[in-house]
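The values are calculated or read from the model by the stated rules, or taken from the named source; none is laboratory data. Computed from a predicted model, the values in this text were never measured in an experiment. With ideal geometry, Cβ positions are generated from the backbone for all residues, glycine too; neighbour counts draw on all protein chains shown.
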Amino acid sequence: MNQAYFKNYLDQQKATYEAIPIDRVEHLINLIKKCWEDDRQLFAFGNGGSASNVSHFITDLGKSASDIMGKRFRCMSLNESVSWITALGNDYAYEDVYLRQLQNYARPGDLVLTLSVSGNSPNVVKAVEWANENGLTTIALVGGKAVN
């Protein structure tokens, strides 16, 4: 590889960062902060690499942020439990693995956060639709088609 490749890569990174709508980021931060202030639960999930990102985010929020803020953040990654995911996928359908967990744990007023590259994975879409229909606030950070 040559310097032109790396320059192009860095130029694309800069353009991506500059395109981030700061007002939308502030809105998302305020939703998460309100969840914490109101002692609501935050549920997060994703598939593949997004599941790993969710796990890292929830760990940082539940441990590090809670330590700093002096009040525990009630947050949970729904892609952590292999037994939950395999039981739900086997007994119902893989597209229900996040929906069914939300049905067990979530309450109106809670917050749902999903990460998805495509934005159209059936298990993510069904869970977000259910959350919207049942009084939860939803955030979908997607790379493709947006989830409602």
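Things to note:
- Looking across N79, N120, one residue alone is free of Cβ contacts under 8 Å to residues at least 40 places away in the same chain and touching a Lys or Arg at 6+ places or on another chain (Cβ under 9 Å). It is N120.
- Residue within region 84-95 that is modelled with pLDDT of 95 or more, among the polar types (S, T, N, Q) and touching a helix residue (DSSP H, G or I) at 6+ places or on another chain (Cβ under 9 Å) present: no
- In region 90-117, the residues that are touching a residue at least 12 places away in the same chain (Cβ under 8 Å) and charged (D, E, K, R): E95, D96, R100, R107, D110
- Where R107 falls short, out of the listed (1) touching a Cys at 6+ places or on another chain (Cβ under 7 Å); (2) part of a loop (DSSP other than H, G, I, E, B): (1)
Matching residues to (1) surrounded by fewer than 18 Cβ atoms within 10 Å (Cβ to Cβ); (2) in a loop (DSSP other than H, G, I, E, B); (3) not hydroxyl-bearing (S, T, Y):
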site	(1), (2), (3)
R40	no, yes, yes
T59	yes, no, no
E80	yes, yes, yes
N120	yes, yes, yes
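- Of residues in region 1-20 being within 27 Å of the chain's Cα centre (by Cα) and not in a helix (DSSP H, G or I), the one surrounded by the most Cβ atoms within 10 Å (Cβ to Cβ): I20
- Among the residues of region 124-137, the one identified as crowded, with 23+ Cβ neighbours inside 10 Å and touching a Gly at 6+ places or on another chain (Cβ under 9 Å) is V124.
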